[in-house]
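Worksheet: the structure to be examined is printed underneath.
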Amino acid sequence: MDDAGPAPAVLSVILLVVVLGFSFEPAVVLPRPAAVPMVLLQLATCLPSTRRLRGAWTLAAQFLLAPWSGLPGFLGASVLLVVERRLRWALFGVIVLAAGPLAPGDGSVHSVLNGMGNALAHGLIIYALTRLTDLYAELRATLGALGQARVTAERERAGRDLDAVLGAALAEIARLAGQGTRAARDMVVVARAASERVRAAPTVQSAESEAEADDGADVTARAMTPGPAWPIVVATHLEYLIVGMAFLLGDGVPGGRIAGYAAVLVAVVGLQAYHSLPRPPGVRPPYAAWTLGLQLALVLVVLAAPDGPYPQLVGFAAASVLIVRPARTGWPAAGALTAVAALALLARTDGPGARGTALLLLDIVVIALVFYGLALLTRLVQQVREAREALASLVVARERRRIARDVHDLLGYGLSAIVLKGELAVRDPDRERAGRHLADAAALAERALADLRAIPGEGAELTLEEELASARRVLAAAGIAVRVQGAAHSVDGVSQALFATVLREAVTNVLRHAAGAGRCEVDLGPGLLRVADDGRALPAPQRREGAGPGAGGNGLRNLRERAAALGGVLEAGPAPHGTGPGGARGYVLTVRLESAPVPLTG
């Protein structure tokens, strides 16, 4: 089978042909009058485009038509599809048992068993094909549902882990800041440790939480797997084997050949079951060339044998060809095999004639599509389930990266500012000013805690106006003069959140890495943010993040991802004409959105 599988429309065609094929009675050209509305109701019940119509009224109508339609298996399939779980199988069993006495024929044991077998096979096959087609459509339509469930679980996990790792540290910072200058040194130690944790490992996931998330996904995936599919496939194979045996016994085959024919029948059906075993998409059965070759050989031997017992075995071989071979060669090969069967039947002097051959060919086609459809849909559902899992894993990976990025970008600034305020409080001899620094640190800790709790959701909302005001305050406290050219309102709404995040990271880098900085310039405009400082370049390995060609840590990498998502470009590196103290070259961080290009200024 092709890995991609057929389009959903092809699956509907398979189901349509199977239902129509089951509606024809052997040696009967025109169906019973009641069979026509029965078939129409069955198609309305089964096809994906009309399944919304099925319900109590369609089932009641089929109950009334069943005794005169000669299609009790259709009623059985509808019972399995419509009736609630507790009653469906019991009612289905009653319908199968009642189909025996109602079957056309002489009322012999063979006739009764054949009627029950047909009702059983038709009901199970139509139910299985319909349910699997429905499930396949549902899975395709809800590919994102499992991903969303996994994202929700990941956000809950991240919230617990972040609160345990950083929430406790921020709460401790706020507590120490409230104790006055005597606890300022302890506060700085806690803030530095938390800051390093944010910079090095923004999120921590335990093995237990990973296993918990995977277990939840497995439960969801297993709930969507068609549990009854394989038992139905097995039951259908057994039913066809029993019917085939009944044909052999009823056709008066001489006793010397019946044992050989029975062995061939068992082998062909057994090989069909082997080829139909559930396997990953694109994986062929082991030794497929040998098993398929043996099945084809047995079928051709039966066609050429005296009396030509049960030519419908060709349908099993055709189904195996469709299952094992790719579509581009499988369909022509199955068609050629069916044509060979037609020629063999027409060439026989004791053959069924043109009309009988046509009916037998219809039976062959239906059998081939039945078993091909069962094997195909079971594998397709597995394939879509695996696609859902892969998509869910991708979505979770993206969510983890987003959370880690937000932790780094949003909390790094606050913790760096807390460290700065704590150090100022420790060094300042004026107790009143030191108290104000500690009060600022406590406020920053509360803000960082609010950001932390917002991250596992949709993320914290940053505004450029607030970040500009905060940058002025924090940099001024560090003794760095700030010049802002432009205004926040000149930046469009799409750029506001990006520029606010970039400004926060730039200020964090100035505080952490710009040794001896005395001036910071911020230029704003439509599609442009530029932040420059005059700090000294630090020698490796203390060099600031991203301060050289190809360099860049988590912060700049995160910002580049954010800018690229909006079609922008972020550049960072030493200033080309720095004039800072001690011969400093300075550092410049620039982000430009290409949708609104603006020449670099300043």
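With respect to E389, is the statement that it is of a type in the set (D, E), at pLDDT below 80 and more than 23 Å from D163 (Cβ to Cβ) true? Don't jump to the end; show me each part of the working.
On the way: of a type in the set (D, E): yes; at pLDDT below 80: yes; more than 23 Å from D163 (Cβ to Cβ): yes.
Considered against the rule, which asks whether it is of a type in the set (D, E), at pLDDT below 80 and more than 23 Å from D163 (Cβ to Cβ), E389 comes out as yes.
Just to be sure I understand the filter: pairs with C-beta atoms under 7 Å, separated by 6 or more residues or on different chains, first member in region 60-85 and farther than 18 Å from M116 by Cβ, second member assigned to a loop (DSSP other than H, G, I, E, B) and among the hydrophobic types (A, V, I, L, M, F, W, C). Which pairs pass?
From residues that are farther than 18 Å from M116 by Cβ, the pairs are L65/A34; W68/A34.
Within region 1-85, which helices (runs of 4 or more DSSP H) (wholly inside it) include 2 or more residues that are at pLDDT 90 or above?
Numbers: elements: 8-22, 35-46, 56-69, 72-82.
Output list reads 35-46, 56-69, 72-82.
Go through (1) assigned by TED's automatic domain parsing to the domain that holds A532; (2) surrounded by 14 or more Cβ atoms within 10 Å (Cβ to Cβ) for G493 and report which single condition fails.
Going through (1) assigned by TED's automatic domain parsing to the domain that holds A532; (2) surrounded by 14 or more Cβ atoms within 10 Å (Cβ to Cβ) one by one, G493 breaks only (2).
When residues of region 450-466 are filtered for being in a helix (DSSP H, G or I), in contact with a helix residue (DSSP H, G or I) (Cβ under 7 Å, 6 or more places away or on another chain) and at pLDDT below 80, how many remain?
Applying the first criterion (in a helix (DSSP H, G or I)) to region 450-466 yields 450-454, 464-466.
Subsequent filtering for residues that are in contact with a helix residue (DSSP H, G or I) (Cβ under 7 Å, 6 or more places away or on another chain) retains 451-452, 464-465.
Subsequent filtering for residues that are at pLDDT below 80 retains 451-452.
Summing the residues that are in a helix (DSSP H, G or I), in contact with a helix residue (DSSP H, G or I) (Cβ under 7 Å, 6 or more places away or on another chain) and at pLDDT below 80 in region 450-466 gives 2.
Among the residues in region 475-490, are any under 38 Å from the mean Cα position of the chain (by Cα) and either part of a helix (DSSP H, G or I) or not basic (K, R) (or both)?
Checked against the condition, which is being under 38 Å from the mean Cα position of the chain (by Cα) and either part of a helix (DSSP H, G or I) or not basic (K, R) (or both), region 475-490 yields no hits at all.
S195 passes all but one of (1) hydroxyl-bearing (S, T, Y); (2) at pLDDT 70 or above; (3) part of a loop (DSSP other than H, G, I, E, B); which number fails?
For S195, the exception is condition (3).
Only one of (1) outside any loop (DSSP other than H, G, I, E, B); (2) exposed (fewer than 14 other Cβ atoms within 10 Å of the Cβ) is not met by L294, so which one is it?
Result: L294 fails condition (2) only.
Pairs needed: first member in region 555-576, assigned by TED's automatic domain parsing to the domain that holds N509 and charged (D, E, K, R); second member anywhere, modelled with pLDDT of 80 or more and surrounded by 14 or more Cβ atoms within 10 Å (Cβ to Cβ); C-beta distance under 6 Å; at least 6 residues apart or different chains.
R560/L570; R562/L498; E571/T590
Could you check region 329-366 and list, in sequence order, the residues that are modelled with pLDDT of 85 or more, farther than 17 Å from L300 by Cα and hydrophobic (A, V, I, L, M, F, W, C)?
W331
So is L277 of a type in the set (A, V, I, L, M, F, W, C), assigned to a loop (DSSP other than H, G, I, E, B), surrounded by fewer than 19 Cβ atoms within 10 Å (Cβ to Cβ) and assigned by TED's automatic domain parsing to the domain that holds F247 or not? Quick ask: steps written out before the conclusion?
Details: of a type in the set (A, V, I, L, M, F, W, C): yes; assigned to a loop (DSSP other than H, G, I, E, B): yes; surrounded by fewer than 19 Cβ atoms within 10 Å (Cβ to Cβ): yes; assigned by TED's automatic domain parsing to the domain that holds F247: yes.
Yes: the conditions hold for L277.
For A572, indicate whether it is buried (at least 20 other Cβ atoms within 10 Å of the Cβ), modelled with pLDDT of 80 or more and under 42 Å from the mean Cα position of the chain (by Cα).
Working: buried (at least 20 other Cβ atoms within 10 Å of the Cβ): yes; modelled with pLDDT of 80 or more: yes; under 42 Å from the mean Cα position of the chain (by Cα): yes.
It is true that A572 is buried (at least 20 other Cβ atoms within 10 Å of the Cβ), modelled with pLDDT of 80 or more and under 42 Å from the mean Cα position of the chain (by Cα).
The values are calculated or read from the model by the stated rules, or taken from the named source; none is laboratory data. No experiment lies behind these values; they were computed from the predicted model shown. Neighbour counts run over all protein chains shown; Cβ positions are idealised from the backbone, glycine included.
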